[in-house]
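The values are calculated or read from the model by the stated rules, or taken from the named source; none is laboratory data. Note that this is a predicted model, so its numbers are computed, not measured. All Cβ positions, glycine included, derive from the backbone under ideal geometry; neighbour counts span all protein chains shown.
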């Protein structure tokens, strides 16, 4: 089956989702953005009308006349034209925008009305304290209220019939943050009301209670569309009033047109960037999965060393840690399996070796018992045949000697079998190794003198060790007997105890004589094995002594062995000291 890359799958899905989301945004912008904008603006104006009504009542109650200024501030804040209507739905004249100039010791108020006034007629950036010149006509006898004709143009010639006032701005409220010509928009309120409020509409509004009436109106001259709304208002004087608000919808139309043109240019860029980001995202997401796949492939090939661990706090990181643990467990299990297999191979080899040794043992036992039995039988038959009286004692002595030899062989075999089935338990205690050596040497004193051996021993120094005294005595008797048997006539026999390592003593028994062949050094510990096969059995022992020594020293945890020296052969073994340091005699 054809393999499909997960990177390509993720890229295809992600790119499709990005493109789908982009298309949905385009459709939503084209179908709903303008409607959403108008609805949101109408709701904002409606809430502002309610808030303005409450604030207007409070301002008029605390300071009559201050509501007009509040009206101008609200118009700047909400970017809308606001007016109050009487019970007959007629506009109540109000001039929320104004300038106050301090000139020649008096204050001149300059109302900024919508008739004949445009936003660009005001110098930009006016603020309290600035110097300003206004040409116009005084509207009262005290010359404190001026209808402005020209503002901020000192260099122009004063027209006939006009008055010029120059002074410092003491107070002002001018249109700010208004998106369209505010004076022109304020002037259109009458025309909008006349087109909207028919007699039937007025009757409906009068009966609707505290709700808000809404409509949209298009200026026939400029083509600008306006949102208009009317809300009942009780100023507190008892007369019925209405708040009328009108705001331009021209910005939303321009914004939608500009947004469409912008998206037309933006679409290719969004497409390329979206595809590029989708590819990068797909690679980032799939990279851990690809690494995990490589690790799983190596695991399937039993390669546990090359696992790529992912260190992230997510599902990939957890899966990687699980795979790492699984890799270690599999490696450990495989190592145990290999070890068990090796152990099984060793067990099979040991079983084969044991079987071979068993056959050799049977053959050796048969051979070892055959000779003394033949001797015993021969001499017993001689006794039956009535040998001479002077030979009877010698025959009986030989029969007893061979019987003792067979008994010793059988006892050694029984002892060795007990060691091989782990039936022997040591009873260690603190003993003097030096005293045990001296006692063993006394037992062989006759044989040493008979062979004329020169004995050299440092057994006068006391070495306290932790061991089973009976078994160590058995080891010493076997090793000394073996050394004396193989020592050359008149040769040397050396017994030495020294410190092998901290807390551990080593005993060495060396005899002067022929060395052991290198091939036989490891095999002399086997039962019935003799390095000199032609040697007379009468001086060869049972052939089981060194095998018994091996088992005893192994139970003691001893390091033991045999080596050829410059003058002969040396056997050695170690034992743990009880006190750490040797005691001087």
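For the reader, a short list of remarks on this structure follows.
- Test: residue in region 105-123 that is exposed (fewer than 12 other Cβ atoms within 10 Å of the Cβ), outside the structural domain of residue 57 (by TED's automatic domain parsing) and touching a residue at least 12 places away in the same chain (Cβ under 8 Å): yes
The rows are residues; the columns are (1) closer than 15 Å to residue 185 by Cα; (2) outside any helix (DSSP H, G or I); (3) modelled with pLDDT under 85.
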site	(1), (2), (3)
83	yes, yes, no
87	no, yes, yes
95	yes, yes, yes
99	no, yes, no
110	no, yes, no
114	yes, yes, yes
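- Lone qualifier among 493, 479 - being closer than 30 Å to residue 376 by Cα, assigned by TED's automatic domain parsing to the domain that holds residue 553 and at pLDDT 90 or above: 479
- Index of the failed condition, residue 27 passing every other in (1) free of Cβ contacts under 8 Å to residues at least 40 places away in the same chain; (2) surrounded by 14 or more Cβ atoms within 10 Å (Cβ to Cβ); (3) outside the structural domain of residue 196 (by TED's automatic domain parsing): (2)
- Any hit, region 375-391, residues being surrounded by 14 or more Cβ atoms within 10 Å (Cβ to Cβ), within 30 Å of residue 512 (Cα to Cα), touching a residue at least 24 places away in the same chain (Cβ under 8 Å) and touching a helix residue (DSSP H, G or I) at 6+ places or on another chain (Cβ under 8 Å): no
- Considering only residues in region 457-469 that are at pLDDT 90 or above and assigned to a strand (DSSP E or B), the one that is surrounded by the fewest Cβ atoms within 10 Å (Cβ to Cβ) turns out to be 466.
Yes/no matrix, rows are residues, columns are (1) free of Cβ contacts under 8 Å to residues at least 24 places away in the same chain; (2) surrounded by 12 or more Cβ atoms within 10 Å (Cβ to Cβ); (3) in a loop (DSSP other than H, G, I, E, B):
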site	(1), (2), (3)
185	no, yes, no
195	yes, yes, no
200	yes, no, no
203	yes, no, no
216	no, yes, no
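- Only one entry in 433, 396, 383 is in the same structural domain as residue 548 (by TED's automatic domain parsing) and more than 20 Å from residue 544 (Cα to Cα), namely 433.
- Any hit, region 570-579, residues being surrounded by fewer than 20 Cβ atoms within 10 Å (Cβ to Cβ), modelled with pLDDT under 90 and closer than 17 Å to residue 463 by Cα: yes
- Each residue in region 208-221 was checked for being modelled with pLDDT of 80 or more and over 15 Å from residue 244 (Cα atoms), and 4 of them qualify.
- Residue 46 being touching a residue at least 60 places away in the same chain (Cβ under 8 Å), farther than 30 Å from residue 263 by Cβ and exposed (fewer than 12 other Cβ atoms within 10 Å of the Cβ): no
- Note on region 57-81: residues that are under 60 Å from the mean Cα position of the chain (by Cα) and assigned to a loop (DSSP other than H, G, I, E, B) amount to 2.
- The residues of region 162-206 that are in contact with a strand residue (DSSP E or B) (Cβ under 7 Å, 6 or more places away or on another chain) and over 18 Å from residue 228 (Cβ atoms), listed by number, are 162, 163, 164, 165, 166, 167, 168, 169, 170, 171, 172, 173.
- Residues in region 250-270 include at least one that is touching a strand residue (DSSP E or B) at 6+ places or on another chain (Cβ under 8 Å) and either under 30 Å from residue 58 (Cα atoms) or modelled with pLDDT of 70 or more (or both).
- Filter pass, residue 519 being assigned to a loop (DSSP other than H, G, I, E, B) and at negative phi: no
- Of all residues in region 52-65, none satisfies being within 24 Å of residue 149 (Cα to Cα), touching a strand residue (DSSP E or B) at 6+ places or on another chain (Cβ under 7 Å) and in contact (Cβ under 8 Å) with a residue 24 or more places away in the chain.
- The residues of region 70-83 that are touching a helix residue (DSSP H, G or I) at 6+ places or on another chain (Cβ under 8 Å) and surrounded by 14 or more Cβ atoms within 10 Å (Cβ to Cβ), listed by number, are 70, 71, 74, 75, 78, 80, 81, 82, 83.
- Taking the listed residues 489, 510, 473, the one that is part of a loop (DSSP other than H, G, I, E, B), at negative phi and more than 60 Å from the chain's Cα centre (by Cα) is 489, with no other qualifying.
- Qualifying residue in region 406-425 (condition: out of contact with any strand residue (DSSP E or B) (no Cβ under 8 Å at 6 or more places or on another chain), surrounded by 14 or more Cβ atoms within 10 Å (Cβ to Cβ) and not in a helix (DSSP H, G or I)): yes
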